[in-house]
Amino acid sequence: MSTTIKYKNLSGEQITSQQAQNIKDYYFKEEYDENFDLRKKISYDHGEIFNVIHYLKNDEDLNSAIIYSSNQYGGEDFILINKL
């Protein structure tokens with residue numbers, strides 16, 4: 001499964017990963033699957049993760065996603081959204 005990653009600044013403009021690392025404020029990392037469906041959006045504040053949004057497909061299990069996210073992000077705040 002291939003993943004496409006895009007970085008965006010607070011204004012929603014696409015930036016490079018290097019630009020994102022140099023931002024001293026908010027930026028977002030978006031991960032898209034092979035069908036270009038948004039799967040995850042990670043929000044950063046001063047280089048630290050403060051929010052992770054998972055976009056689940058209809059056949060994905062919510063409980064598994066919660067466990068995965070908790071393990072992946074060390075109990076950081078996150079939101080799970082079922083994609084219709």
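The values are calculated or read from the model by the stated rules, or taken from the named source; none is laboratory data. All values reported here derive from a predicted model rather than from experimental measurement. Glycine gets a Cβ as well: all are built from the backbone with ideal geometry, and neighbour counts include every protein chain shown.
Among the residues of the range 32-56, those identified as loosely packed, with under 12 Cβ neighbours inside 10 Å and over 18 Å from S17 (Cα atoms) are E34, N35, F36, D37. Scanning the range 4-47 for residues that are within 13 Å of the chain's Cα centre (by Cα), in a loop (DSSP other than H, G, I, E, B) and modelled with pLDDT of 95 or more turns up nothing. Screening Q72 against (1) of a type outside the set (F, W, Y); (2) assigned to a helix (DSSP H, G or I); (3) at pLDDT 85 or above leaves a single unmet condition, (3).
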